[in-house]
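Some notes on the structure that comes next.
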Amino acid sequence: MNAPPAPPHDYLARLNAEQRAAVETLDGPLLVLAGAGTGKTRVLTTRFAHLLMTGRAQPHQVLSVTFTNKAAREMRERVGSILQRPVEGLWLGTFHALAARMLRRHAELVGLTSSFTILDTDDQQRLLKQVMDAEGIDLKRWPPNGLMSVIQRWKDRGLTPDRIPVAETSDYANNRAEKLYAAYQARLVTLNACDFGDLPLHITEILRTQPDVLERYHRTFRYILVDEYQDTILVQYLWLRLLAQGHKNICCVGDDDQSIYSWRGAEIENILRFERDFPGAVIVRLEQNYRSTQPILSAASGLIARNEGRLGKTLRSGRKDASGERVRVVSLWDSDEEARMVGGRIEEARRDGQNLSEIAILVRAGFQTRAFEERLITLNIPYRVYGGAKFYERQEIRDAIAYFRALSQPADDLAFERIVNTPKRGLGDTAIAALHRMSRDEQVPLRFAAERLIQTDAIRPRPRAALRELLEGMTRWNAALEKEGHVVVAAQVLEESGYTDMWKNDRSIEAAGRLDNLKELLRAMTDFATLGAFLEHIALVMENDDNSEGAKVGLMTLHAAKGLEFDMVFLPGWEEGLFPSQRSLDEGGAKSLEEERRLAYVGITRARKYCTISHAANRRIYGNWVNSIPSRFLEELPESEIMREGGIKQAPRIPSSVFSAGAPLSSMRRPRVIEAGAWEVDQRPEREKAFSVGTRVFHQKFGYGRVTGVDDDKLEIEFERAGTKRVLDRFVEPA
Ligand code: ATP
Ligand code: MG
């Protein structure tokens, strides 16, 4: 018996009519403009496979641009699975990765060699400072960070120093920015280096001015595919346009409702420009959503309908099981309860056999992952943070913890070494070498060696003074620990050591998030009675780090979740000030509010089957409780699509500024308590698990034990192996 012959291209059968049209329209410019989950990425990958299967192109003749490395990996897999073989030698990756690869081939055209280095922000800053110094700029008056962002903006807009139009000039440093920009670029060339912004800038410049190079790429790239097109910035657009002018076979897919990078200069304008630059472009619209159940889709659509600046489109669910469960909106007493709720539901899902990699927690701001990470660790649920490090592995957190370790344990050389010149105090290699020598010779830890070193003239007066200041600080903080408590002292340490200033003066995009992480760290410390107990907890968390393969819950920011999908999605922290983010609103007003709403839309539309949104009524700010107002987005969700749980009755509209950008850490000592007005919350819920004397429990670090005393949420436990300890009840499970 012969099996019936497989249809020639059965991957086409997995598309609907519109998608199929988009895949089969191979020649000429094509724009797919469609809502979330309508199969835009599927169209791109199928189109890629179709190009190869029909012999239109060899794998290396297709240029495909994705938004993240994760998306590039997924695309490679999807193409591979359609073709049923792995494909190599692809021009597939993010804008930056592709630009870097091209630039290495033509580096000499911009005065570099192919082995050029890509500078990180630190090096970039240092270099800018040197350039500014050489030009006699008063660095106090004109911080280099300001210049850095001016230059970045020019680079994002494809402007080299000699091509800055009048409308784009800057008055930074009395109109000297252009000259500084030119000098900085010249310095980079002498160092055979470039910064991130240079990658697309240089390559675009090469393609613009070197017709023979451009022509070579025109011959190579017969087809161009671009995902998440709504978030391209101008320089990327210019690069694409140059490359596409050859065959004009460019296919871009995007969704204006998911444009979430306007702060990086991504513009809806690029979508509109497409039709102008590629006359005769075919526009395809997709309206069937295959990802989410009807309630999830309707909730998201109802929310985004509040935005005014939209191109507008319809979306209907194409899932067979389209009915589905409503979106849950859960109101909780505080952030601890929120983390417990999310952890509990994930635990339940795991028991029901749900694959953990199909579960995601999506947060607005990076610092929010901390509470969930700790909860997942306690429950022994493996997780991964995408698009960034785990909370306690983030640079600023490690630095801060090194300070605390150095205080609590003067012999902790690793910690001392990490902080001795962080922030930069002018302790150069010679000073550090002298310190180590002293420590070896005298056989004492570095901190004591430092005490002795400053009594000598082995190092120069300036570094000596800096070191003395640090040591005096440490003595002072150590003395204050008893009296003021570890949380107050921790804030002092970060401020007085100049550590927070270091990030405040840093204008990189991540700096504000790092400051938020530090605040979150202080908040975490309030859960512990002493610095020692906190550090012990950290050790436990770090120890727990598993690099195992296997299914893990995903934690990421909403920005990092773009293009991804999960069966079960948790969206915590929907509170005014946090989401929509106060910082965005302060900076961009009504326009930003629309962007925040698009982010909310991105979040909800990541879910296939279950979507749980939550907010906490109270957040702890530096040991004090502050009311949080539910996000206005919660009220904008169509009531018919949601299911409310918890006790919040009414949400008055009072903007919260607790999380606003400028608040110094020290202001956390005097929190502004927001009058929440007439809204009711159920009383603090009873703990799910009340522990009583005699209960057998399990603790991640100390193992099994029996409760011997209960004082509110603090337990005294006699552990079988670790002896008697006082721990918070949230860190143990009934055994
Ligand atoms: P986003 O805007 O979030 O990036 P998208 O438009 O790129 O979404 P895809 O990720 O391509 O959407 O598709 C969403 C889901 O729907 C995927 O799981 C995909 O496999 C599935 N899908 C797409 N088209 C179809 C179809 N014709 N039949 C069945 N499933 C489909
Ligand atoms: Mg997509």
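The values are calculated or read from the model by the stated rules, or taken from the named source; none is laboratory data. These figures come from a predicted structure and were not determined experimentally. Every residue, glycine among them, receives a Cβ derived from its backbone with ideal geometry; neighbour counts consider all protein chains shown.
Here TYR601 meets each of (1) modelled with pLDDT under 95; (2) within 21 Å of the chain's Cα centre (by Cα) with one exception, condition (1). Name the single residue, out of those in the range 328-359 being among the polar types (S, T, N, Q) and over 21 Å from ARG730 (Cβ atoms), that is surrounded by the fewest Cβ atoms within 10 Å (Cβ to Cβ). Top of the filtered list is ASN355. Scanning the range 419-440 for residues that are closer than 15 Å to PRO461 by Cα and not in a helix (DSSP H, G or I) yields ARG425, GLY426, LEU427, GLY428.
Do any helices (runs of 4 or more DSSP H) entirely within the range 446-557 hold 3 or more residues that are farther than 24 Å from ASP429 by Cα, and if so, which?
Details: elements: 446-453, 461-484, 486-496, 499-504, 511-525, 531-543.
So the answer is 461-484, 486-496, 511-525, 531-543.
Counting only residues that are of a type outside the set (A, V, I, L, M) and either within 19 Å of ASP122 (Cβ to Cβ) or surrounded by 15 or more Cβ atoms within 10 Å (Cβ to Cβ) (or both), the range 134-152 holds 7 of them. Taking the conditions (1) modelled with pLDDT of 90 or more; (2) in contact with an Asp or Glu (Cβ under 9 Å, 6 or more places away or on another chain); (3) surrounded by fewer than 18 Cβ atoms within 10 Å (Cβ to Cβ); (4) under 27 Å from GLY426 (Cα atoms) in turn, PRO161 satisfies each one other than (4). Of note, SER259 does not satisfy the criterion of being modelled with pLDDT under 90 and surrounded by fewer than 22 Cβ atoms within 10 Å (Cβ to Cβ).
Quick check: anything in the range 33-52 surrounded by fewer than 20 Cβ atoms within 10 Å (Cβ to Cβ), more than 16 Å from ligand 2 (Cβ to nearest atom) and without any contact (Cβ under 8 Å) to a residue 12 or more places away in the chain? Looking for residues that are surrounded by fewer than 20 Cβ atoms within 10 Å (Cβ to Cβ), more than 16 Å from ligand 2 (Cβ to nearest atom) and without any contact (Cβ under 8 Å) to a residue 12 or more places away in the chain, one finds none in the range 33-52, hence no.
Of all residues in the range 561-575, count the ones that are outside any strand (DSSP E or B) and within 14 Å of ligand 2 (Cβ to nearest atom). Walk me through it before giving the result.
We begin by selecting, within the range 561-575, every residue outside any strand (DSSP E or B); these are 561-565, 572-574.
Keeping just the survivors that are within 14 Å of ligand 2 (Cβ to nearest atom) gives 561-565.
Qualifying residue count, the range 561-575: 5.
So is LEU33 under 22 Å from VAL282 (Cβ atoms) and either out of contact with any Phe, Trp or Tyr (no Cβ under 9 Å at 6 or more places or on another chain) or outside any helix (DSSP H, G or I) (or both) or not? Taking the combined requirement at face value, the residue satisfies it.
Considering the conditions (1) modelled with pLDDT under 90; (2) crowded, with 20+ Cβ neighbours inside 10 Å, GLU228 is excluded by exactly one of them, (1).
When residues in the range 365-409 are screened for being within 21 Å of LYS70 (Cα to Cα) and aromatic (Phe, Trp, Tyr), 3 of them pass.
Close contacts from the range 137-149, counting a first residue that is closer than 15 Å to LYS179 by Cα and assigned by TED's automatic domain parsing to the domain that holds ALA173 and a second that is assigned to a helix (DSSP H, G or I) and among the charged types (D, E, K, R), with Cβ to Cβ under 6 Å and a gap of 6+ residues or different chains, come to PRO144/LYS129. Is it the case that the range 465-476 has a residue that's under 38 Å from the mean Cα position of the chain (by Cα) and among the β-branched types (Val, Ile, Thr)? Within the range 465-476, one or more residues are under 38 Å from the mean Cα position of the chain (by Cα) and among the β-branched types (Val, Ile, Thr). If you go through the range 533-553 one residue at a time, do you hit one that is surrounded by fewer than 21 Cβ atoms within 10 Å (Cβ to Cβ) and either on the phi > 0 side of the Ramachandran plot or within 16 Å of ligand 2 (Cβ to nearest atom) (or both)? Taking every residue of the range 533-553 in turn, at least one turns out to be surrounded by fewer than 21 Cβ atoms within 10 Å (Cβ to Cβ) and either on the phi > 0 side of the Ramachandran plot or within 16 Å of ligand 2 (Cβ to nearest atom) (or both).
If you check ILE381, ILE454, which single one turns out to be out of contact with any Lys or Arg (no Cβ under 6 Å at 6 or more places or on another chain) and surrounded by 15 or more Cβ atoms within 10 Å (Cβ to Cβ)?
From the options ILE381, ILE454, the qualifying one is ILE381.
Between ASP231, ASP212, the distinction of being within 16 Å of ligand 1 (Cβ to nearest atom) and not β-branched (Val, Ile, Thr) belongs to ASP231 only. If the condition is being assigned to a helix (DSSP H, G or I), closer than 15 Å to ILE224 by Cβ and more than 13 Å from ligand 2 (Cβ to nearest atom), then the range 53-78 contributes PRO59, HIS60, GLN61. Residues that are crowded, with 20+ Cβ neighbours inside 10 Å and modelled with pLDDT under 95 were ranked within the range 560-575; the one that is nearest to ligand 1 (Cβ to nearest atom) is GLY563. Whether a residue is over 26 Å from ARG384 (Cβ atoms) and more than 16 Å from ligand 1 (Cβ to nearest atom) was assessed, and ASP27 passes this test.
Among the residues of the range 83-102, just one is more than 18 Å from THR66 (Cα to Cα) and not in a loop (DSSP other than H, G, I, E, B), namely LEU83. Within the range 12-32, the set of residues being away from ligand 2 (no atom under 15 Å from the Cβ) and either acidic (Asp, Glu) or touching a residue at least 60 places away in the same chain (Cβ under 8 Å) (or both) comprises ASN16, GLU18, ALA21, GLU24, THR25, LEU26, ASP27, GLY28, PRO29, LEU30. Has the range 619-626 got at least one residue that is part of a loop (DSSP other than H, G, I, E, B), within 16 Å of ligand 1 (Cβ to nearest atom), touching a residue at least 60 places away in the same chain (Cβ under 8 Å) and not hydrophobic (A, V, I, L, M, F, W, C)? No, that holds for no residue.
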